[in-house]
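A short worksheet on the structure shown next.
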Amino acid sequence: MTTEMRSTDRPLPEGVRDLLFADAAAWRSMTTALHETWRGWGYREIILPTFEYAETLATDVGSQIDAEMYRFFDRHGRTLALRPDLTIPTARVVGTRLFDQPLPLRISYVGNVFRHEPPRAGRQHEFTQAGVELIGARGAAADAEVIALAVAALRGVGLPRFRITIGHVGFFRGLLAALNLPEQLTGQLRSAVSRKAEAELADLLAEAPRLASDVCAASRALLHFTGGPQMLHTADAFCLNLMMADALADLAALSGLLAAYGVDDAVNYDLAEVRDLDYYTGVTFEGFAPGLGFSLITGGRYDGLLGHFGPPQPAVGWALTLDRVLEAREVQGVLGAQPAADVLLSALGCPACLTWAASARALGVRVEVDPLGLAPDELWRAAQARGIPRTIAHSQPAGPLAASRLLTLRDAAGERPLAADDWIEVRQWLSR
Amino acid sequence: MAEPLTIAIPKGRLTDDAFAFLARGGYAVPNNGENGRRLVLDGADGRLRFIMVKPADAPVFVEYGAADLGIAGLDVVREAERDVYEPLQLPFGYCRLVVAGKTDRPEMALRVERSPRVATRFPRLTEAFFRKRGLTPEVIVMAGSVELAPLIGLADLIVDLVQTGVTLRENGLTELSTILESQAVLLANRASYRLRSDEVRELIDRLAAVARET
């Protein structure tokens, strides 16, 4: 192709991307693996619309996502938006359409979401989310199922190393209640804790009026409450009220169940994770993988969300960013293969060869048929250029393909005859 | 031996203090001689790997996890608005981000300025400071020598870092308002904070102990 014919003046808008063959294959295999995992746990998929009324999608999402939504108008001037996540649409479906279904409901979804945020770590303005919601069950058993499923899902998509950090908003809320600080100081304290700013936290506590010594000690120790389940016992001594004690009891029960699920080596705990304090109502968690500085998966319990759309229901779930899991997997050395056929077959002028192709495909062999009528040498070069490991050429163009007839097989080892009914040989191509 | 933790060190006024501070925390740091053009330096004890970055880039390196940890001025951290942890404030690199104007400018409160033209290396903080006061500044982003802008009529005001105020005075400028009190901050990547929690915790505790002695 000459330079003048190339269309390089068709740029994409900011924030979207094409996924070409190998990347698309990795994307597909990942969603397939997720669906397989979900099926094994009894989760059923729903497919949600790409855009909805902006007002619906903005329910309880927090100011940041609200500001990042793509909004536009329908013909009647009503404001629509591209979905910025899939939890809210799922909550709408459950609240408005599935409210009388037997509980608990186990729901899964995969879909692209749209946010006008700076592209970071494989996440553009359009990116793929996959997630689950377990609706209608409260308590550690439901929390544990969802977290164990998160681990199973990440293992299922072939991510070698990752860790999920579990927190609980009750612990920090209880601490804030015990501190009982003026609003402004509370805000500063939250901000310091969310940035793990230890010295700043100490300074703020020094500013606070007349703190009881046990309240002060618990606040100072907060940022050290991270680690394995034994940390939960350490934190026990610092509980100031029922809210904090309940949170720890929840987490202790959870950690026992996670051990039974066989995922305790993939999780740890952090009582000072306070990011979405207003959204979550119980357990929260976030997953990280070595090699990627950003979180891959976030989730938690949000018992307050369903009530916006229908009868209140407890709910717990997670969503992962597929694009980031793909990137983390790559960074950890799992590389997707370029998808290619198993054989390139010359069939022009040989209708019987098409019959052979159909039989081979029925066995699961990937057969690409050459439509150009390439000579055997050209055929072999064309196969190599596309990563296809072998070619088949036919010598006698006309007539039916008798079972005994010989085709010419060529692969890296050279050329040799292949009987048209030699399916034993053909089956071996499958065991890659 | 495990991979060393990677720490982003800002090239410039914080470099020497940062290395000295880490050395007091018990970490092997590069000698002055090594600290030339190389951008990646390994500590002799194998615990830290140092990457030398432009100060404003340190939060980006840390956010992406290209560095597990970093040292940066609070000014660039607030300007960059990156999603990183800030476990410690470090006792060096003290300075202030201020609004300054020509010494001979008419006595006038900032809030009654029409739409001030402001030269700065900190567009985000500048914009936020003026907008909060109901003004819409015309921000001129510069890479350096910001003090020059009012003198030659490029801008009415500047927003820049001040340590002693000598440079401002020498250029006929006066401080009008302080936006931010700055000092060095230790940054940590959110994933590294969890995935390498033991080593990160040890470093925070060691440096916190040194900071308390200071």
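Derivation of every value follows stated rules applied to the coordinates shown; laboratory data play no part. Note that this is a predicted model, so its numbers are computed, not measured. Here the Cβ positions follow ideal geometry from the backbone for every residue, glycine too, while neighbour counts run over all protein chains shown.
Below are the figures for this structure:
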| item | result |
| --- | --- |
| Karplus-derived 3J(HN,Hα), 6.51/-1.76/1.60, for each residue of the range B:198-212, Hz, glycine and proline x | 5, 5, 5, 4, 4, 5, 4, 5, 4, 5, 4, 5, 5, 4, 5 |
| Antiparallel DSSP beta bridges within the protein assembly as shown, percent to nearest 5 | 75 |
| The range A:240-351 - convex hull of the alpha-carbon atoms, volume per residue in Å³ | 236 |
| P(r) tail fraction, the range A:343-428 - alpha-carbon pairs more than 21 Å apart, % | 19 |
| Total charge dipole magnitude, chain A, about the Cα centre, Cβ charges on Lys, Arg, Asp, Glu only, Debye to nearest 20 | 860 |
| Computed over chain B, the ratio Rg/Rh where both radii use C-alpha atoms and Rh is Kirkwood | 1.04 |
| Where Rh is the Kirkwood radius over Cα pairs, Rg/Rh for the range B:138-214 | 1.20 |
| Gaussian network model of chain A, springs between alpha carbon atoms under 10 Å - residue of A:165, A:391, A:96 with greatest fluctuation | A:391 |
| Quotient of Cα Rg and 2.2 N^0.38 Å for the range A:64-174, N being how many residues it contains | 1.29 |
| Theoretical gain in end-to-end length, residue A:10 to residue A:23 [0.36 nm per residue, Cα-Cα removed] | 2.5 nm |
| Descending principal axes extents, chain A, alpha-carbon based, whole Å | 98, 54, 48 |
| Cα long-axis angle, helix A:183-194 against chain A (0 to 90 degrees, to the nearest 10) | 40 |
| Straight-distance crosslink candidates among lysines, where the alpha carbon sits under 20 Å from residue A:196 and sequence neighbours closer than 8 are dropped | none |
| Lys, Arg +1 and Asp, Glu -1 on Cβ, resulting dipole of the range B:95-181 about Cα centre, debye, nearest 20 | 300 |
| Positive-end residue, the range B:95-181 charge dipole about Cα centroid, Cβ charges, pick of B:128, B:171, B:152 | B:128 |
| Positive minus negative residues near residue B:164 (Lys, Arg vs Asp, Glu; Cβ under 15 Å) | -2 |
| Binned Cα-Cα distance frequencies in the range B:95-181 - 5 Å width, integer % | 3, 16, 30, 29, 18, 5, 0 |
| Positive dipole terminus of the protein assembly as shown, leading residue within B:191, A:388, A:226 (C-beta point charges) | A:388 |
| Average beta carbon contacts from partner chains per residue of A:290-299, 10 Å cutoff | 4 |
| Of A:374, A:176, A:105, the one that fluctuates the most in a GNM where chain A has Cα springs shorter than 10 Å | A:374 |
| Calculated FRET value between residue A:141 and residue A:97, using beta carbons and R₀ = 30 Å, to 0.05 | 0.70 |
| J(HN,Hα) series, the range B:126-136, from Karplus relation 6.51 cos²θ - 1.76 cosθ + 1.60, nearest Hz, glycine and proline x | 5, 4, 5, 4, 6, 4, 4, 9, x, 10, 10 |
| Contact order normalised by residue count of chain A, Cα under 8 Å, 6+ apart, percent | 16 |
| Gaussian network model of chain A, Cα within-10 Å springs - most flexible of A:119, A:104, A:389 | A:389 |
| In nm, spacing of pseudo-spin labels at residue A:384 and residue A:242 (7 Å Cα→C-beta vector) | 7.8 |
